[in-house]
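For reference, the structure discussed in these notes is given below.
Please treat every number below as a calculation from the coordinates, not as lab data. None of these values were measured; they are calculated from a predicted model. Glycine gets a Cβ as well: all are built from the backbone with ideal geometry, and neighbour counts include every protein chain shown.
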Amino acid sequence: ATRTKSADVERADSGIGQMPARKWRSRASETLSSLQAWEAHRPCTDCGERDLPVETDVQNCNQRRADLCEKCRKRRTERKESVLEFVNTEASYGEDLRIIKEEFYLPMQAAGLLSQEQLQGIFSNIQELIDLNENFLEILQEEIDQAFDQGDDDLMTVCIGEIFLEFVNMLPAFQTYCLQQSSSVNMLNALEKEKELLRIFLNVSQNDNTALRRMNLRSFLMAPLQRVTKYPLLLSRIIKATTEYHPDHSSLREAKSRIESHLEHINMKTKQEGNTWTLRSFRQDSKKKREVINIEMRETALKTVGWLREETRFVMEGSLQLAQPPDGQWVKKGSKTLKFQNMQVLLLVNMKRVSESSLESAEPGPVKDAVLVLIRDKNNGKFHLLREPLRLSNCIVSTDPDCDDTFELIEIRREAFVFRDSDRARTHHWFRQIRRYSRELGSWKKRRNALPNIMISTPHTRP
C-alpha cells in the first residue's frame with residue numbers, strides 16, 4: 001500500500017489534542033465564572049462600594065446591576081440640585097440688577113429727578129455688577145448646556161469652583177458696593193424727603209409696576225449684599241455633595257475660602273469707617289486672617305500703582321527681609337554689616353487684555369509693566385509704603401556667586417536693595433521671577449550676571 005504523506009492529510013479537528021482542549025474549556029469556564037462574580041460585585045463608580053442595588057429594565061424585562069450605590073446616587077442628585085440652585089439664583093440676582101437699572105436708574109435719569117452725582121451716590125457701581133453677572137451667568141449656563149448635550153444628566157462635569165475662581169475679580173466690585181451702601185441709603189432717604197417728585201415716582205413704581213413685585217427701591221438695592229453673603233452657603237452645599245475625588249473639590253473649597261475672606265475684609269473696612277452694620281460673619285481661622293491681610297495689601301498696592309484691576313496680575317507676594325547697602329556700595333551680602341528688616345513685598349504685572357471675554361482675558365498677554373511694591377510689615381492692620389513702587393524696567397537684578405541666599409536689585413542711578421527669604425529655595429524663586437520681568441521690560445536686552453554697579457557706571461547706555 002502507498003504511504004500517504006503527512007502534509008496531504010487534512011485535519012478535521014481543532015488542531016489541539018483532547019487533553020489541552022479540555023484544559024482550555026475548563027479555563028474558559030473559570031474565566032467566565034470570574035467575570036460573572038466580578039460583575040456581581042462590581043464596585044460603585046463614585047465610592048468603590050460593592051453592594052449595589054439591582055435595577056429592572058421595564059421594556060426588556062431584564063435585570064442589571066446599577067453603577068452607583070444608593071448613597072452615591074443620592075449624593076449626585078443633591079449635587080445636581082445644588083449646582084442648579086447656584087445657577088438659578090445667580091440668574092434671579094441678575095434680574096434684580098436689571099430692574100434696578102431699567103425701572104429706577106434710567107427713568108430717574110431721563111426725567112431729570114436727580115443729578116448725575118446723586119444717581120452715582122445712590123446706585124454706586126451697579127453697572128459694573130451687571131456686567132460681571134452677565135459674563136458669569138453666561139459661562140455657567142454654557143457649562144450646564146454642554147453637560148446635558150454630552151449626556152451628563154447629573155452635571156458631574158460642571159465645575160462651579162473653577163468657574164468661580166476665574167471670576168474672583170468680581171469680589172472687589174461687591175466690596176465697593178457694600179462699603180457705599182450705608183451712604184447710599186442715607187442719601188436716598190434725604191432726597192426722598194426733599195424732592196416730592198422723587199417720592200411720588202418711587203411710590204407709584206412700587207404700587208403699579210408689576211415687575212417690582214411690590215418691592216421698593218431700598219429692597220432691590222440690598223440684592224448685591226444678599227448675594228455676596230449667600231455665595232459661601234451655596235458653595236458649602238455643593239462641597240457637601242461632591243466627593244473628594246472629584247476634580248472640582250479643591251477649587252470649591254478654595255472659592256469658599258476666598259469669598260469668606262473677602263466678607264471678613266469688608267466687615268473690617270466697615271468698622272474702620274465707623275459703620276455699625278456688618279455682613280454675615282463667618283468663623284475665622286489663621287488662614288482666613290492671613291488672607292484678609294493679603295487682600296488689604298493688594299488693595300494698597302493697586303491704589304498706589306493706579307492700574308485697572310482686570311489688567312493686573314499678582315505674580316508673587318509675601319514677606320522678605322530687606323537691607324540697603326550704605327552709599328549704594330556693593331557689600332558682601334553675607335556680612336553682618338547689613339541690617340535686614342522684615343518687609344511685605346508684592347510683585348505686580350500689568351497685562352494687556354487680549355479679549356473682552358472674562359475667561360480669555362485671564363490668558364497671559366503681553367506685559368506692559370511690572371513693579372515691586374514694598375510695604376512695611378505692621379501688626380496693627382495699617383500698611384505704609386516704604387517708598388514708591390520699584391519699576392522693574394529701570395532695575396537690574398543679580399546675585400553674588402559667593403552668597404546664594406540673597407539677591408540684589410538696583411534701581412538705575414538711584415538706590416540698591418538686598419533681599420532674602422528665610423527659605424533659600426524661595427529666595428531663588430523670587431530672584432528668578434523678578435529677573436524675568438526686569439529682562440523683559442528693561443532697555444538692556446542682555447545682562448551679565450556680574451556686579452551691577454560696574455554695569456550702570458558705564459558712560460553710554462547699551463541698546
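Can you pick out the pairs among Lys80/Lys230; Lys74/Lys256; Lys269/Lys303 whose Cα atoms lie more than 21 Å from each other?
On the way: Lys80/Lys230 18 Å; Lys74/Lys256 23 Å; Lys269/Lys303 15 Å.
Beyond 21 Å: Lys74/Lys256.
Across the stretch 70-277, C-alpha contacts under 8 Å between residues 6 or more apart give a mean separation that, scaled by the residue count, equals a relative contact order of 30 percent. Sorting the segments 208-218, 154-164 by their residues' average number of neighbouring beta-carbon atoms within 10 angstrom, most packed first, yields 154-164, 208-218. A simple spin-label model places the labels of Thr210 and His429 6.0 nm from each other, with each point 7 Å out along Cα-to-Cβ. For the peptides 143-152, 313-322, 224-233, residues were scored by their other Cβ atoms within 10 Å and the scores averaged per peptide; the highest-first order is 224-233, 313-322, 143-152. Across the options Ser124, Tyr231, Asn189, the greatest Cα extent toward the positive end of the charge dipole of the stretch 70-277 (unit charges at beta carbon of Lys, Arg, Asp, Glu) belongs to Asn189.
Could you calculate the FRET efficiency of Cys403 with Leu106 from 1/(1 + (r/R0)^6), where r is the beta carbon distance between them and R0 is 51 Å, rounded to 0.05? It would help to have the intermediate numbers written out before the result.
Values: r = 64 Å, r/R0 = 1.26.
About 0.20, to the nearest 0.05.
Treating each Cα of the stretch 80-213 as one equal point scatterer and applying the Debye formula with no solvent, the log10 of I(q)/I(0) at q = 0.22 Å⁻¹ comes out as -1.31. On the basis of the beta-carbon distance and an R0 of 51 Å, Met187 and Ser422 show a calculated FRET efficiency of 0.55.
Once the piece of chain linking Gln116 and Arg199 is laid out straight, how much longer is it, given 0.36 nm per residue of separation minus the C-alpha distance between them?
Once the chain is fully extended between Gln116 and Arg199, it gains 28.1 nm.
Counted residue by residue at 0.36 nm each, then reduced by the alpha carbon distance between them, the extension gain from Arg253 to Met316 reaches 20.5 nm. Note on Asn88 and Glu273: their simple-model spin labels are 3.5 nm apart, each label 7 Å out from Cα toward Cβ.
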